[in-house]
Amino acid sequence: MSATQESVATPVAPAEVVRVRVPPRTFRSELRAMKIVWRRELIRFVNDRMRIVTALVQPLLFLFVLGSGLQQLSSASTHGVDLKTFIYPGILCIAVMFTAMFSAASIVWDREFGFLREMMVAPVRRSSIVIGKCLGGATVASFQGVILICLAGAVHVPYDPALILGVLALQLLLAFSITAFGLMVAVRIKQMQSFMGVMQMIVMPMFFISGALFPVANLPAWLAVLNRIDPLTYAVDPMRRLVFSHLDISAAARRALDPGVTWWGWHVPALLEAGVVLALGLVMLGIAIWEFNGSE
């Protein structure tokens, strides 16, 4: 028998199959997945210094350029209060809002570059990815807001520990809700250009209607209605109440500049306003998770 025949007759051993073991999903593994996604958002933010600088340009323009430019025009109606001091609470909100929306946009980038697909095939729940993204975006936006808190003295706002802690808490709450809203929008969008267009169409009207740049008392009827249904109103108003509670101003200035949000003459408590912001954030996070579970 030839060597060729012997080689054909010799049985070939089957190739060894490598077993792949997928670890079971546990509460601990889901928390670890959230932590990894959260940490990734922080690393991207810290390494992108240009993003930190550019995100401050618009709030600083509103605060110092607009505030200083319109001071003489509005001095008669602010009862001696510097216009920069009045709009400072709203600027704290806008800094957090825009940073949170850009943080939510990272899910669109991840989809475009294919990284999102890698996360989606990981042995974790998709809800853990969304929650990690939301917490990461909220943390990043809060860090951005801390920079503006450091400028409080430049607009005649005292560095009171209770004030700073209260502002931080409200900023974190707003950052969570806005990031959840951004994720709810971004989950169904596949191109960054589309997301930016939607963001400008929604976020800018929300900011201008919220009362961040004007008092909410004695508004025209149509603007008053829009102001009351704007979710951002319920973040700007408690922020302004908190800041103004630490200012030494006249009663007339307080009535004109810090009247609070009212419904049919009833003043909405600041704690209830914060609860509205939190509730809306949780609802939008739930919708984002539901949409993400159904996406490809």
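What the table below lists for this structure:
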read-out	value
Breaking point among (1) modelled with pLDDT under 85; (2) farther than 20 Å from L278 by Cα; (3) assigned to a helix (DSSP H, G or I), for F86	(1)
Any pair with Cβ under 6 angstrom, 6 or more apart, that starts in segment 191-203 at a residue that is in contact (Cβ under 8 Å) with a residue 60 or more places away in the chain and ends at one that is part of a helix (DSSP H, G or I)	M192/V108; F195/V108; F195/A186; M199/M101; V203/M101
Pairs where the first residue, in segment 45-70, is more than 14 Å from L148 (Cβ to Cβ) and the second is open to solvent by 60 Å² or more (accessible area, probe 1.4 Å) and at pLDDT 85 or above, C-beta under 8 Å, 6+ apart	F45/F143
Residue, surrounded by the fewest Cβ atoms within 10 Å (Cβ to Cβ), within segment 66-120, restricted to residues that are touching a helix residue (DSSP H, G or I) at 6+ places or on another chain (Cβ under 6 Å) and small (G, A, S)	S74
Number of the condition not met by V283 [criteria: (1) open to solvent by 20 Å² or more (accessible area, probe 1.4 Å); (2) farther than 30 Å from R117 by Cα]	(2)
Residue pairs meeting the criteria (Cβ under 9 Å; at least 6 apart or on separate chains; first free of Cβ contacts under 8 Å to residues at least 24 places away in the same chain and more than 18 Å from G137 (Cβ to Cβ), in segment 95-124; second part of a helix (DSSP H, G or I) and open to solvent by 10 Å² or more (accessible area, probe 1.4 Å))	R117/R111; M120/R126
Residue ranges of helices (runs of 4 or more DSSP H) in segment 201-275 with at least 1 members loosely packed, with under 14 Cβ neighbours inside 10 Å and at pLDDT 85 or above	221-229
Residues satisfying the stated conditions in segment 124-149, i.e. open to solvent by 10 Å² or more (accessible area, probe 1.4 Å) and farther than 16 Å from H246 by Cβ	V124, R125, R126, S127, I131, L135, T139, S142, F143, V146, I147
Condition check for M239: over 15 Å from the mean Cα position of the chain (by Cα), over 27 Å from K84 (Cα atoms) and touching a residue at least 12 places away in the same chain (Cβ under 8 Å)	no
Test: residue in segment 44-59 that is among the small types (G, A, S), in contact with a Phe, Trp or Tyr (Cβ under 8 Å, 6 or more places away or on another chain) and assigned to a helix (DSSP H, G or I)	yes
Condition broken by A180, with the remaining ones in (1) within 17 Å of the chain's Cα centre (by Cα); (2) more than 30 Å from V121 (Cα to Cα); (3) small (G, A, S) satisfied	(2)
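The values are calculated or read from the model by the stated rules, or taken from the named source; none is laboratory data. Source: prediction; values computed, not measured. When we count neighbours, we look across all protein chains shown, and the Cβ atoms used for this are built from the backbone with ideal geometry, even at glycine. Accessible surface areas use protein heavy atoms only, side chains included; no ligands, DNA or RNA. Shrake-Rupley method; radii C 1.70, N 1.55, O 1.52, S 1.80 Å.
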